[in-house]
Amino acid sequence: PPPANGGQAPSPPDGGWGWVVVFGAFISIGFAYAFPKGLAIFFKEIQDFFGTSYSEIAWVSSIMLATTYGAGPISSILVNRYGSRPVVMFGGLLCGIGMVSAAFCTSILQLYICVGFITGFGLALNLQPSVIMIGKYFLKRRPIANGLAMAGSPVMLCTLAPLNQFLFDNFGWRGSFLILGAILLHCCVAGALFRPIGAPTAPVKPQVAGKGKECLKTEVTENAVEMSSPTNVPMENRTEEEEEKDCCEKINQYLDFSLFKHRGFLIYLIGNVLMFLGFFAPIVFLAPYAKHIGIDEYSAAFLLSILAIVDMIARPATGIIANSRWVRPRIQYFFSFSIAFNGTCHLLCPLATGYTGLIIYSAFYGLAFGMVCAMLFETLMDLVGAARFTSAVGLVTIAECCTILLGPPIGGTLIDAFGDYKYMFIKCGAVMVLAGTFLFIMNYYNYCMLAKEKKKRKAREEDPHSVRTESEGRNNWNKETAQDGPELEPLGEEREGLKKEMNGT
């Protein structure tokens, strides 16, 4: 017998093997987000080795982050074509190859290619499939699952910051890159945990017996005669417009470009593109800033660990709060507040002139950073739904990669120009406060418009005049179809003859 949900994808189990998937996503997302930040430990030494400026060395992390986000559509297409498991495993292999190759680089340009492009592309193949897989396994508990998976980033950063400093002291930056390349191969193990939830099954048509089967054969024969008639246009003579339409349909199978007509999606996209102009630069320059004001290397690396520990607690806690009945219906407001709070921390950072002040800044920054990251994909799925989420992630990440690419180099340029880090923090804070304010105002407008549309739809359904109009139209259509057409004229004449016989004429 056919399955009960024939033709539909299986519903999310909200548990079971899904928690194993969350653990795999914890590892993959952790490396994707934390690895570019952890490399900042080596920047000062690589800068001295190659004799480059702050802005030039900042391009390493910037290119890696931009590639991770910019390759989002490619990752989405591969996931739709092959599934999440092989894509993540291939991404882990690319990460290892990129970092091992970087250990033999002899110029900063080669580092851009190996660390920036190759490793960044491998991380992109880890990030999007992990988020997509959580959306397939969870529905009711999705904010909590996303919060736990996103906690992988602070856990990895908390581990990588002191580990990178230890590796550098014992093996140098080249030996450290070799070891880190081997560590990144664990992404292949994480990808192996992404067991497919199940493919949608095609509905099985019930067997047709007796006359129904003969009617079916007749219908197939008539269709074949119609297809062979000269009035039909052959396939070879299709116009160029039809071919272009077919091409667009094939592209839309993997990326849904109709999302650009979605009001909520456009608001999210504009706000996030603006936000990422100042999102990653402070964390990239935090350790170099501490070294600049005279703090030793291990204490500077410990600032990233403090940030990561607070971030580690903030992400699951934010997921629990976002899943509550008070916050989830208006989760976009909570997301807007988190971005503005993040920017406020950066604006106050120049007031921290000593190590104690930087510890306080790191703690508040970790809290704000965790709040934003925990809701980054949850708010997008809340807007577009799980069915269109794969395409939405790909389109959002490729739009965000431009500002991610420019953010850290612009911060490095400000440091080179003024010789002070405070202007970089002020720039990042102002941009993020502006992005949070924009999202808050536009989300208020979006919620108001959604309420009006829902009210109109409800009024249309309850209006008896509209219901009567629909029923009248249906009755008129039935009457028209019941009238005798040209093909039924012989039956009409025969009926008239029977009437005359019955009247005795």
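The values are calculated or read from the model by the stated rules, or taken from the named source; none is laboratory data. Please read these numbers as outputs of a predicted model, since none were measured by experiment. As a convention, Cβ positions derive from the backbone with ideal geometry for all residues, glycine included, and neighbour counts pool all protein chains shown. What goes into the accessible areas is simple: the full protein's heavy atoms, side chains included, and nothing from ligands, DNA or RNA. Shrake-Rupley method; radii C 1.70, N 1.55, O 1.52, S 1.80 Å.
Among the criteria (1) in a helix (DSSP H, G or I); (2) out of contact with any Pro (no Cβ under 8 Å at 6 or more places or on another chain), the one Val284 does not fulfil is (2). As a summary of the residue check, Gly172 satisfies the conditions (1) more than 28 Å from the chain's Cα centre (by Cα); (2) on the phi < 0 side of the Ramachandran plot except for the one numbered (2).
Remark: pairs (first residue in region 25-50, outside the structural domain of Gly147 (by the TED database) and farther than 11 Å from Asn164 by Cβ; second residue open to solvent by less than 10 Å² (accessible area, probe 1.4 Å) and in a helix (DSSP H, G or I); Cβ separation under 9 Å; 6+ apart in sequence or on different chains) are absent.
Scanning region 368-385 for residues being open to solvent by 10 Å² or more (accessible area, probe 1.4 Å) and within 17 Å of Phe280 (Cβ to Cβ) gives a total of 2. Pairs meeting the criteria (first residue in region 161-189 and open to solvent by 60 Å² or more (accessible area, probe 1.4 Å), second residue not in a helix (DSSP H, G or I), beta carbons under 6 Å, at least 6 apart or on different chains) are Arg174/Ala103; Leu178/Ala103. Only a single criterion out of (1) surrounded by fewer than 24 Cβ atoms within 10 Å (Cβ to Cβ); (2) modelled with pLDDT of 80 or more is not satisfied by Glu297, namely (2). Counting only residues that are more than 19 Å from Gly264 (Cα to Cα), aromatic (Phe, Trp, Tyr) and surrounded by 15 or more Cβ atoms within 10 Å (Cβ to Cβ), region 309-365 holds 5 of them. Gly198 meets each of the listed conditions (1) modelled with pLDDT under 85; (2) under 19 Å from Val20 (Cβ atoms); (3) buried (at least 18 other Cβ atoms within 10 Å of the Cβ) apart from (3). Selection within region 68-110: residues that are aromatic (Phe, Trp, Tyr) and open to solvent by 40 Å² or more (accessible area, probe 1.4 Å). The member of this set that is modelled with the lowest pLDDT is Tyr82. Out of contact with any strand residue (DSSP E or B) (no Cβ under 6 Å at 6 or more places or on another chain), more than 14 Å from Asn126 (Cα to Cα) and not charged (D, E, K, R): is that true of Ile57 in this structure? Spelling it out, Ile57 is indeed out of contact with any strand residue (DSSP E or B) (no Cβ under 6 Å at 6 or more places or on another chain), more than 14 Å from Asn126 (Cα to Cα) and not charged (D, E, K, R).
In region 111-124 there is no residue matching the filter, namely being outside any helix (DSSP H, G or I) and either surrounded by 24 or more Cβ atoms within 10 Å (Cβ to Cβ) or modelled with pLDDT of 85 or more (or both). For region 243-258, check the following and say yes or no: at least one residue is among the charged types (D, E, K, R) and modelled with pLDDT of 80 or more. Checked region 243-258: no residue is among the charged types (D, E, K, R) and modelled with pLDDT of 80 or more. When each of Val189, Val204, Val225, Val220 is tested for being modelled with pLDDT under 85 and under 30 Å from Phe138 (Cβ atoms), the lone residue that passes is Val204.
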